[in-house]
Amino acid sequence: MTDTRYKIISIITGYKAVSLERQQTYKGVTSNHLSIFEFEGDQVSRIIEYWK
């Protein structure tokens, strides 16, 4: 059995972009991350990640 490593905290959709806040648990340490996905058409054009 495997433990859940990621938990999605929130998703915010906007015009041609989506932000995703997730919580990661690895070796007992929990940290939060924010990722922003930008789109051109139906393709991802840029991914920006912020780590806390």
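The values are calculated or read from the model by the stated rules, or taken from the named source; none is laboratory data. Keep in mind the model is a prediction, meaning the values are calculated, not measured. Cβ sites come from the backbone with ideal geometry, for glycine too, and all protein chains shown count toward neighbours. Heads up: the accessible areas ignore ligands, DNA and RNA and are worked out on the full protein's heavy atoms, side chains in. Shrake-Rupley method; radii C 1.70, N 1.55, O 1.52, S 1.80 Å.
Candidates in region 8-26 are the residues that are under 18 Å from Val44 (Cβ atoms) and of a type in the set (Ser, Thr, Tyr); of these, the one that is nearest to the chain's Cα centre (by Cα) is Ser19. Pairs are defined by a Cβ separation below 6 Å, a sequence spacing of at least 6 or placement on different chains, a first member in region 23-52 that is more than 18 Å from Tyr6 (Cβ to Cβ), and a second member that is part of a strand (DSSP E or B) and open to solvent by 80 Å² or more (accessible area, probe 1.4 Å); the pairs so defined are Glu38/Arg46.
Give the residues of region 30-44 that are of a type outside the set (Phe, Trp, Tyr) and open to solvent by less than 60 Å² (accessible area, probe 1.4 Å), sorted by residue number.
Step one: filter region 30-44 for residues of a type outside the set (Phe, Trp, Tyr), giving 30-36, 38, 40-44.
If the condition is that a residue be of a type outside the set (Phe, Trp, Tyr) and open to solvent by less than 60 Å² (accessible area, probe 1.4 Å), then Ser31, Asn32, His33, Ser35, Ile36, Glu38 are the ones that fit.
Condition first: part of a strand (DSSP E or B) and either open to solvent by 100 Å² or more (accessible area, probe 1.4 Å) or not β-branched (Val, Ile, Thr) (or both). Now tell me which residues in region 12-29 satisfy that. Quick ask: steps written out before the conclusion?
Filtering region 12-29 for residues part of a strand (DSSP E or B) gives 12-14, 17-26, 29.
Those that are part of a strand (DSSP E or B) and either open to solvent by 100 Å² or more (accessible area, probe 1.4 Å) or not β-branched (Val, Ile, Thr) (or both): Ile12, Thr13, Gly14, Ala17, Ser19, Leu20, Glu21, Arg22, Gln23, Gln24, Tyr26.
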